[in-house]
Amino acid sequence: MSIITITAGSYSKGEQIAKSVAKRMEYDFADSEIILSLVSREFGVPESKLVKAIKDIPLTVGLFSQAKQQHIIYIDTVLTEHILKNNIVYYGAIGFPFIQEISHVLKVQIIANLEDRIKNKAKLDGESQQKARKTVIKEDNQQKKWAAAVYDIDLTDPNLYDLVINIGHIQDDDVEGALETIINTVKHKKFQPLTYSLRCMKNVAMSCRVRATLADIDSKMQVKSDEGTVYIYTKAVKKKAQDKVLEMKQKVMRLEGVKHVEVYVDNDLFSTVAHGQ
Amino acid sequence: MTNTLEFKSSFINNSEKKTALDTEGRDLLARPRFSLRLHLLLVFILFSFLSMAIIIGSVIAISSIDKKMHFVQTSERYLFEIAQARRWEKNYFLYDTNLEDAVQSAGNAKTFLSQNLKKFITVLSAEETAGMIEHLEKYRSLLQDLQDLTVLKKNGIENTEKKNKIETSLRKHGAEMVKVAAALVYKEQNSMNAMLHLIQRIPIYCFAVVLLLTIFLARFLVKRLIRPLNLLIESTQRIAKGDFSPVPPICKYRGEFTAVEVAINQMCRELKSREVAMVESHKLRAIGTLTAGVAHELNNPLNNIMLTAHAMLEDHNNLSEDGLLEMINDLINEADKSRSIIRNLLDFSRESESVSEPLDLGALVGETIKLTLNQAKVSGVKIETQIQPDLPRIRGDKQQLKQVFLNLILNALDAVEKEGNIKINVKKADSPKFLAVQVEDNGCGIPSHILPNIFDPFFTTKGPGKGTGLGLSVSHGIITMHRGQISIETEEGKYTRFTVTLPFRTVPAVLNKT
Amino acid sequence: MKEKLDILLLDDEAIVGNRLKPALKKVGCDVELFEDPKKALNRIREKKFDIVITDIMMPSVNGIQILEEVRKKSDITKVIIITGYATVALAREAMDKGAFDMIAKPFTPDNLRSVIAKAADSLGYKKIIAKA
């Protein structure tokens, strides 16, 4: 009855471990590929565009195009709702901050020797060592920068994780050891869901759902929710604030499980100035 | 519309700032200008004059020596002619020959003297010259007489008596003449020697003077250069400690450093205006910390309200009137409790002008502690409070002082481990007319190597995003403004004790005002 | 098998107990109320309850200590934490020390009842689940 998230650098057999954990625990497995296809089906966005949204690195998420911001919100929403079902192993770093504050999510980071990852890639893809090295390092940087820009987190910070496993040279027994460790850890009572933590997870999923619903109106707003009460913090040009709030409330109230909506509007100075109002 | 207004007002603020700059800058700029460049120029001119004077002086001295040499030569020539005349004269008296030659020599001397009369007059006095000329004239006329006698003698008339008489007088005048001329030569030679001696010494004197002057000027320039630099360094250190009062004029004159002073003052002013923002932003952080605690604390009355409301909802049909009344009262009480929790926070967070009012320090510290009790509860820290009763009142800004104590308590909370202890003491200080507030924790202490820095702005030991590093610097600023002091005793791994002393009022308010 | 669940409810605020006691009675629970954690501790040492519901932040005794004391006394007693200071760390500590569940304040009586129903289920009291 838990959720396991596993993040790992490319070619460190992280995915393989995640899949094995899911199989042994009889949990579902999800990775970004599966999530993206779900997003694409639900929101009708081509997968190629979604891939761009999780690969391109803006300076901050604020500098992303409106469309990309929306895509990220869609991905967050589908992910949080998907793992809400529990008994799931999720491999990837997307949506990481949303599961940060949930006590029944076991967050695992797998690290491995860089040289061995490079060898691994060279062997798997039949590439030269040099080329493999370049790709691996580039992908590491990309993942780190993307998470820093979009979620403002440092994925290499061990404080973010409950469990950091170094599988060293990525030998088969290293992988087996990691597998055992994860399964033993997740069985620990600490990571069992509580009424409290389930509620937190539900709240997070609800907040994401609200953001997705309103993404075409405002992709930068913040949403908090608790037991069906939704708090929206947004910015608007003063003149238009009333209409905006009304539109938001109507849209959100139609969502299942929403009992009450509150919208807090900050005066959007920037657009006011930009539009000369 | 409002926005344009805001813009206008900020524009006005800017222009006000500018005028403020002008008035303060004027104090610095009002001084007479005396730049370093001018200093250097003056020194350069002084040295040029000095060397020119030395050159002119030596030229004059050398030319006067030259003149004297000429004069000495002239005098010697004159002396020679006279001596010649006297030799011929002697011959005449001994062998009766050469009288013609003597007359000739005396005539030569006479022409020579009259030719060089001017020179003689410049060296000798007019009387002496006149005396000299007189002697020479006499001598010549005597020689003339003698010549006349010789002519008479040739004609057979022998006048021995007259000849003897002339001889005596001639010897007298001749001796006198030679004496004067020799004295003249001697005198001139002496004066020339003295002058040569002087000229030999002059380079040494000049060297000494120039050396002294150079030392003096170098010291002066260095003083003019180093002193402002030192003062500026001192100022920057002072500013680094958070004292943003403007730099006083460094010296009486305006110079290159004035621009730096003006710039530093402008910076100070900016910093000062930022400090207000800094105090506010720091307050916001404190509010952030507090809000976390308060949010949790609010959960309790909210829970009570929720449970009561649900109970009423479920049982409203079979509740007695008393039971219903009790629940309604509970609702009201719990709502009140929530309100007072929020009000505490709002009181603290309210932006307010700095107001000085009589304050009960004990009560103020007590209120501050209340704000932090939740935080303490969450981290399982015990706060012991000891407030001496009947303490005199202090004068100060309630919000600001609260912020200081809140800061110290929050820092203490950060420093202690779970189940740590914080002791807060309010009492009379050791120094008279001061009250002291001590906040002591048995936490990790402060390592001595960072102790000198703890009051610096932006100095923090907490991780990124956790502390602004402004807490103690802002506190220090506030306490200094209240004419108090903040000090610290600490032992690594054992304890940290912050002591804030504030002056209390000894004079009743009314008298104090007048 | 007993008809009713024995519940000890500890919260330093009286209102919590006053409201929850009737709400729990309705679903077939016998509730003993405590406001003083020390007295509650004594009672826990005397009697094996089916369920102990406790607050965390209380003067003098911490809810975690209550949990530990219950664990010493009995293995089957379910401990439900109710707290206004819910955090991930607290949730994990409570679970680690053998709590059954935790709910964050503010909650509704129904929230608590459903948690009690779950606890009753794992204790084998089918009757109460039906009622709740």
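The values are calculated or read from the model by the stated rules, or taken from the named source; none is laboratory data. Because the structure is predicted, anything quoted here is derived from the model rather than measured. In this analysis, Cβ positions are derived from the backbone assuming ideal geometry, glycine residues included, and neighbour counts consider all displayed protein chains. Surface accessibility is based on the protein's heavy atoms, side chains included, excluding ligands, DNA and RNA. Shrake-Rupley method; radii C 1.70, N 1.55, O 1.52, S 1.80 Å.
Here are the numbers for this structure:
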item	result
Interface size B-C, as summed buried accessible area [1.4 Å probe, Å², nearest 100]	2000
Among C:70, C:31, C:115, residue whose mean-square fluctuation peaks in a GNM of chain C (springs only between Cα atoms under 10 Å)	C:115
Along each principal axis, Cα extent of the range B:56-200, largest first, Å	68, 26, 21
Cross-link pairs beyond the 20 Å C-alpha cut-off, checked among B:118/B:187; A:68/A:144; A:85/A:249; B:377/C:21	A:85/A:249; B:377/C:21
Straight-distance crosslink candidates among lysines, where the alpha carbon sits under 16 Å from residue B:223 and sequence neighbours closer than 8 are dropped	B:252
The range A:3-187, accessible area per residue, ligands and nucleic acids excluded (1.4 Å, Å²)	47
At 1.306 mPa s and 10 °C, Stokes D of the range C:38-96 from Kirkwood alpha-carbon radius, µm² per second	136
Share antiparallel - DSSP beta bridges, the protein assembly as shown, percent rounded to 5	35
Rounded to whole Hz, the Karplus (6.51, -1.76, 1.60) HN-Hα couplings of the range B:260-271, x for glycine and proline	5, 4, 4, 5, 5, 4, 5, 4, 4, 5, 4, 4
The range C:63-132-the range B:129-188 distance, computed between alpha-carbon centres (Å)	155
Cα pair count fraction exceeding 43 Å, expressed as % - the protein assembly as shown	60
Over the range A:165-277: Kirkwood hydrodynamic radius from C-alpha pairwise inverse distances, Å	17.3
Heavy-atom accessible area per residue - the range C:5-123, 1.4 Å, Å²	34
Column: log10 I(q)/I(0), Debye, Cα scatterers of the range A:3-187, q = 0.14 Å⁻¹	-0.80
Dipole magnitude (debye, nearest 20) for the range A:196-274, charges at Cβ of Lys, Arg, Asp, Glu	40
Protection-proxy order for peptides C:103-113, B:214-224, each taking the mean of Cβ atoms within 10 Å per residue, highest first	C:103-113, B:214-224
Those aspartates and glutamates that a straight Cα-Cα span of less than 15 Å connects to residue A:239, excepting residues fewer than 8 apart in one chain	A:247, A:266, A:268
Set of aspartates and glutamates with alpha-carbon distance to residue C:26 below 12 Å, sequence-local pairs under 8 removed	B:314, B:315, C:110
Average other protein chain Cβ within 10 Å of Cβ, residues B:40-51	0
Considering only the range A:196-274, percent of DSSP beta bridges that pair antiparallel, nearest 5	40
Links that overshoot a 32 Å alpha carbon limit, given the list A:107/C:38; A:19/A:131; B:428/B:494	A:107/C:38
Share of carbon and sulfur in the accessible heavy-atom surface of the range B:56-200 [1.4 Å probe, %]	57
Rg/Rh for chain C, where both radii come from Cα atoms and Rh is the Kirkwood radius	0.92
Amide H contacts of residue C:52 (H built 1.01 Å from N, under 5 Å, at least 5 apart or other chain)	C:8, C:78, C:79, C:80
Euclidean distance of C-alpha centroids, the range B:377-412 and the range A:168-191, integer Å	50
Filter on B:370/C:39; A:259/C:25; C:48/C:97 - keep pairs with C-alpha separation over 22 Å	B:370/C:39; A:259/C:25
Under Karplus coefficients 6.51, -1.76 and 1.60, residue-wise ³J(HN,Hα) of the range B:415-431 in Hz, glycine/proline x	7, 8, 6, 4, 6, x, 9, 10, 10, 10, 10, 10, 7, 6, 7, 5, 6
Euclidean distance of C-alpha centroids, the range C:1-36 and the range A:196-241, integer Å	37
